[in-house]
Amino acid sequence: MRVWLRSLIPLAALCVAALPAIAAPPASAPAREHFAPEGWESSYHDLHYSPVVKIGDRVIVSGIPALEGVDDEAKARWLFQQLQAHLRSAGASMDDVVEMQSFHVARDHEEFRRRIAPVLKVHREFFKDHYPAWTAVATSGLYSKDASFELRAEAIIGSGKRAKARIAPAKTP
């Protein structure tokens, strides 16, 4: 029995020696950088989340609540302007946005469709072509109680320069 146990000691030593290599991130792993556009610093310091995280050329923008404006269209315009500022803080642009998720406070599908209409209108002002993937969700509430909708986005820096659409042309009526 002791001979068998002694044969395990070199194996155990090998496993322990390998632990740092297993636990350490690969040398090629990109750095993670955190950004907050001017006026959004309290999100990081007080609420403990990053408005913008950049990993290599990938930029992730946390949910931006639609807070400023006299109506939903004005709030949507303000929100997309904030998205531009968030992206710019990490070196990205609206052309680089590849995916969005929006969350809209609504009681039912009818209200959801009514609430998203002004957002769709303003979206067309900011995304002229090569549109990002987009998922829109109705919800009963958001963290910012005065916001009727919120948007999060992901971008890949530089991807907008090489965008292509392999989609059949729209059919004319």
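Residue pairs whose Cβ atoms lie under 7 Å apart, sitting 6 or more positions apart in sequence or on different chains, and linking a residue in the range 69-98 that is assigned to a loop (DSSP other than H, G, I, E, B) to a partner that is aliphatic (A, V, I, L, M), are A90/V52; A90/V59; G91/I157; A92/V59; A92/A155; A92/I157; S93/L87. Scan (1) exposed (fewer than 10 other Cβ atoms within 10 Å of the Cβ); (2) closer than 22 Å to W78 by Cα for the single condition A170 breaks and write down its number. Single failed check for A170: (2). Only one of the numbered conditions (1) under 17 Å from G160 (Cα atoms); (2) touching a helix residue (DSSP H, G or I) at 6+ places or on another chain (Cβ under 6 Å); (3) among the basic types (K, R) is not met by K128, and that is (2). Any chance you could count how many residues in the range 77-93 are surrounded by fewer than 18 Cβ atoms within 10 Å (Cβ to Cβ) and within 17 Å of E150 (Cα to Cα)? Result for the range 77-93: 4.
When residues in the range 50-60 are screened for being outside any strand (DSSP E or B) and either in contact with a Ser or Thr (Cβ under 6 Å, 6 or more places away or on another chain) or crowded, with 17+ Cβ neighbours inside 10 Å (or both), 2 of them pass. If the condition is being closer than 21 Å to D95 by Cβ, among the basic types (K, R) and assigned to a loop (DSSP other than H, G, I, E, B), then the range 140-173 contributes K164, R166. Tell me yes or no: at least one residue of the range 138-151 is within 17 Å of the chain's Cα centre (by Cα), modelled with pLDDT of 95 or more, surrounded by fewer than 15 Cβ atoms within 10 Å (Cβ to Cβ) and within 27 Å of R32 (Cα to Cα). No, the range 138-151 has no match at all.
Considering A27, A31, the condition of being among the small types (G, A, S) and at pLDDT 85 or above is satisfied by A31 alone.
Remark: pairs (first residue in the range 145-173, closer than 15 Å to Q84 by Cα and of a type in the set (D, E, K, R); second residue assigned to a loop (DSSP other than H, G, I, E, B) and at pLDDT 85 or above; Cβ separation under 7 Å; 6+ apart in sequence or on different chains) = E150/A66; E150/L142.
Please work out which residue is farthest from A31 (Cα to Cα), limiting yourself to the range 48-74 and to residues that are over 12 Å from the mean Cα position of the chain (by Cα) and of a type in the set (A, V, I, L, M). Lay out the reasoning, then the answer.
From the range 48-74, those over 12 Å from the mean Cα position of the chain (by Cα) are 48-49, 56-57, 65-74; that's our starting set.
Now drop any that are not of a type in the set (A, V, I, L, M), which leaves 66-67, 70, 74.
Numbers: A66: 30, L67: 32, V70: 40, A74: 36 Å.
The residue in question is V70.
If you take the residues in the range 75-120 that are under 21 Å from the mean Cα position of the chain (by Cα) and of a type in the set (K, R), which one is nearest to I157 (Cα to Cα)? Ranking the qualifying residues of the range 75-120, first place goes to R88. Scanning the range 109-139 for residues that are in a loop (DSSP other than H, G, I, E, B) and touching a strand residue (DSSP E or B) at 6+ places or on another chain (Cβ under 8 Å) yields a count of 2.
The values are calculated or read from the model by the stated rules, or taken from the named source; none is laboratory data. Just so it is clear, the structure is predicted and the values come from calculations on it, not from any experiment. Here Cβ is always computed from backbone atoms with ideal geometry, including for glycine, and neighbour counts include all displayed protein chains.
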